[in-house]
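The structure appears below as structure tokens.
Since every read-out is calculated from the coordinates, none of them should be taken as a lab result. Not measured: the values here are computed from a predicted model. Don't worry about glycine lacking a Cβ; one is built from the backbone with ideal geometry, like all the others, and counts go over all protein chains shown.
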Amino acid sequence: MLKRGCEAGLRARRALEVRLAGRRFRSTSSHQDILTSAHPDIATSAHPDITTSAHPDIPTSTSSRPHILTSSHSGFTLIELLIVLSLIVILATMAMTQHRAGIVHANEAVLAEDLFRMRDAIDQYYADKNQYPASLDALVSEGYLRKIPVDPFTRSADSWQTVPAEPDPNNPTAEPGVYDVKSGSDGTGMDGRKYADW
């Protein structure tokens, strides 16, 4: 009888504990529903397990808030593109100017060398024959020049302007010959002088 009485007491105690646990769960669930409806962010952060297990349909704070995506790599603005294009144009203009100046400087060096060689050949011809050559072609035919150089500015070997020598007073009927040679270009050099005056 005593044993049966103890077993009955244990069963009654367990039944009471189950009832109390059920009331606590219902009370907690009702309180969580109220918090979720009023403050979904607070409820989710405070009891994430209870909210998810008891009410899976209620969205959590991480899914209810919209995500604002920001990109760290923004594109170029129109002003930035215009600045870059302006710098490119300025640098290209400077490069083209330097390139053209380099070409002109090289052509002037070639012109100065050609004039020096032809004038030196004229002087050698006069020293050997005691008279100036009748034409520039005579310098080639007599072996003082291999060929008539091409004017780097006129791109022609026939555009050279010859300066005749003064008549010989001892022989006024003789041809004066070529005393000097100049460029046939009407351009102006980088030093401000005309190429025809070199």
FRET efficiency, E175 to R155 (Cβ-Cβ, R0 41 Å, nearest 0.05): 0.85
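Could you estimate the translational diffusion coefficient of segment 101-197 from the Stokes-Einstein equation, with Rh from the Kirkwood formula over C-alpha pairs, at 25 °C and 0.890 mPa s, in whole µm²/s?
Translational D for this selection: 172 µm²/s.
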Listed peptides 129-139, 162-172, 101-111 by packing density, highest first (mean Cβ within 10 Å): 129-139, 101-111, 162-172
Cα pair distances of segment 74-118 binned at 5 Å [whole percent]: 5, 19, 12, 12, 11, 8, 9, 6, 6, 5, 3, 2, 1, 0
Modelled FRET efficiency - R0 22 Å, M96 with T188, Cβ distances, 0.05 increments: 0.65
